[in-house]
Amino acid sequence: MNRRTLFEHNRISVTEFRCTAGPGDKPFAEAFPAHSISYVRKGSFGCHCRGRFHELVAGSMLIGFPGDEYVCTHDHVVGDECLSFFLAPELVDAIGDERMWQVGSVPPLPELMVLAELAQTAADGSSDVGLDEVGHLLAARFVEAVSGRKTKPLTANLRDRRRAVESALWIDANSHKPIALDDAAGQAGISAFHFLRLFSEVLGVTPHQYLVRSRLRHAARRLADDDSPITDIAYDVGFGDLSNFVRTFHRAAGASPMRFRQASKGDRKIFQDRLALN
């Protein structure tokens, strides 16, 4: 079993698992360390838990309850790949209906699969939605799907709108620093689950989307105004990885940071070519 931690913070962590076990390998007992949702991206495996046997294929989700023992088998194919979200108790409490986490698994459901694929896109660096944000949304949608209970629409009052705006100003002022959903929610004084809903409802973007776009805005100004190396600008505005900055900036501007800088210095042909392609 190969595992790679993609995101880790106070209330949520995300891990990629790649298993190479096959029909000839002896299964062994394990225990879920926390409430978890494991999205099967590829392959298949069986799981014996709480006296039931579950067959999981691509699109299925294995649901973990803290302390429950389980045994995974690979009777049909070799290997599988999963994207797993581990949630702290306080996040599960904020969502509600903890008993839903004892179902063992859920079959491929479109409302869950689309969010899990969004999470994979975020993990690959091809989306400006945060992995922690998708984890919150996926957990809430899972509880809705299993329980049949719909989350009540959020109606933001003046205090809520002020809190969202003040949070956006704080994110923008600190966008050069690492900011997780928990950090912004703590600054606002509410739970991360409710903060994500409030911020998105009032401002139309998630906190992480706003964070990335603040960094892009600052980077665009720097690229146009000074001659600092592009690598320095990327790190100065908060991107921890140069390739991610180049990819994200190109997706937003339709041109690489270098080409954008050239256009800002008077090379109009760059954006004219871009418009012609559209």
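The table for this structure:
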quantity	calculated
Mean separation of Cα contacts under 8 Å (6+ apart) over length of the chain, as relative contact order %	14 percent
Calculated FRET value between ASN244 and GLU98, using beta carbons and R₀ = 41 Å, to 0.05	0.70
Candidate lysines - alpha carbon under 30 Å from LYS265, same-chain residues fewer than 8 apart omitted	LYS177
P(r) tail fraction, region 175-215 - alpha-carbon pairs more than 15 Å apart, %	35 percent
Enclosed volume per residue, in Å³, of the convex hull spanned by Cα atoms of region 1-80	87 Å³
Label-point separation, LEU169 to VAL57 (7 Å along Cα→Cβ), nm	5.4 nm
Helix-derived mean residue ellipticity, 222 nm - over the chain, DSSP H n ≥ 4, -39500 (n - 2.57), to 500	-14500 deg cm²/dmol
For the chain: accessible area per residue (Å², 1.4 Å)	51 Å²
Interchain or long-range residues, amide H under 5 Å from HIS54's placed H	CYS47, HIS48, CYS49
Simple label model, 7 Å out from Cα along Cβ direction - THR73 to MET258, nm	5.6 nm
For ASP68, distant residues with modelled amide H under 5 Å away	PHE32
Principal semi-axes in Å for region 50-187 [√(5λ), Cα gyration tensor, largest first]	32, 19, 14
Kirkwood estimate for region 44-96, i.e. one over the average of 1/r between Cα atoms, Å	12.7 Å
Derived scalar couplings ³J(HN,Hα) [region 200-214; Karplus, 6.51 cos²θ - 1.76 cosθ + 1.60; whole Hz; x for Gly, Pro]	5, 5, 6, 10, x, 9, 7, x, 6, 4, 5, 4, 4, 6, 5
For the chain, the fraction of alpha-carbon pairs in successive 10 Å shells from zero, as %	6, 25, 28, 21, 14, 5, 1
Label-point separation, ARG217 to ARG18 (7 Å along Cα→Cβ), nm	3.9 nm
For region 49-105 and region 207-253, distance of Cα centres in Å	38 Å
Percent accessible area from carbon and sulfur atoms, the chain, protein chains only, probe 1.4 Å	52 percent
Among 229-236, 48-55, the order from most to least packed when residues are scored by Cβ within 10 Å on average	229-236, 48-55
Karplus-derived HN-Hα couplings along region 46-54 (A = 6.51, B = -1.76, C = 1.60, θ = phi - 60°), whole Hz, x at Gly and Pro	x, 9, 9, 8, 6, x, 10, 10, 10
Table column - 3J(HN,Hα) (Hz), region 146-159, Karplus curve with 6.51, -1.76, 1.60, x for Gly and Pro	7, 8, x, 8, 8, 5, 5, x, 8, 10, 7, 8, 4, 5
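The values are calculated or read from the model by the stated rules, or taken from the named source; none is laboratory data. Just so it is clear, the structure is predicted and the values come from calculations on it, not from any experiment. Quick reminder, even Gly has a Cβ in these numbers, built from the backbone with ideal geometry, and neighbours come from all protein chains shown. Ligands, DNA and RNA are stripped out before the accessible areas are found, and what is left, the full protein with its side chains, is counted by its heavy atoms. Shrake-Rupley method; radii C 1.70, N 1.55, O 1.52, S 1.80 Å.
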